[in-house]
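The values are calculated or read from the model by the stated rules, or taken from the named source; none is laboratory data. Keep in mind the model is a prediction, meaning the values are calculated, not measured. FYI the Cβ positions are ideal-geometry reconstructions off the backbone, even for glycines, and counts take in every protein chain you see. Remember, those area values only see protein heavy atoms, side chains included, never the ligands or the DNA or RNA. Shrake-Rupley method; radii C 1.70, N 1.55, O 1.52, S 1.80 Å.
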Amino acid sequence: MIVKPLVTEKMTNLTEKLNRFGFVVRPEANKLEIKREIEALYNVTVLSVNTMNYDGKNKSRYTKSGLIRGRKNAYKKAIVTLKEGDTIDFYSNI
């Protein structure tokens, strides 16, 4: 159900202040499935899961051959709050 972790400046600030971590998840995943998978993968205790659905945006650019139009992918984002003292290290596998 988990596609990849979100490592952005905004998510890093949330992680440092509130012990929250962000993930891109599959659109059909629900909160219980997300919680179960994160607890199994990272051996942490999840207190809450917040999810957001993002629509794909239309993008266009001008090139020599003319206007090219496209669309960015739609995705679902989950923000997971962990128990105090638990943490996830995304860089341990590098």
Selection within region 63-94 - over 14 Å from Pro5 (Cβ atoms) and exposed (fewer than 10 other Cβ atoms within 10 Å of the Cβ): Thr63, Lys64, Ser65, Gly66, Leu67, Arg69, Asn73, Glu84, Gly85
Top-ranked residue of region 41-50 - restricted to ones that are at pLDDT 95 or above and not β-branched (Val, Ile, Thr), ranked as nearest to Lys76 (Cα to Cα): Asn50
Failed item, numbered, when Gly85 is tested on (1) of a type outside the set (Ser, Thr, Tyr); (2) in contact (Cβ under 8 Å) with a residue 24 or more places away in the chain; (3) closer than 22 Å to Glu9 by Cα: (2)
Selection within region 43-83 - part of a loop (DSSP other than H, G, I, E, B), of a type in the set (D, E, K, R) and over 20 Å from the mean Cα position of the chain (by Cα): Lys64
Top-ranked residue in region 51-62 [being open to solvent by less than 70 Å² (accessible area, probe 1.4 Å) and at pLDDT 95 or above; ranked as farthest from Ile79 (Cα to Cα)]: Met52
Number of the exception - Arg36 against (1) open to solvent by less than 100 Å² (accessible area, probe 1.4 Å); (2) within 21 Å of Pro5 (Cβ to Cβ): (1)
Pairs, first touching a residue at least 40 places away in the same chain (Cβ under 8 Å) in region 38-59, second not charged (D, E, K, R), C-beta under 6 Å, six or more apart: Ile38/Val46; Ile38/Val80; Tyr42/Ile88; Val44/Leu82
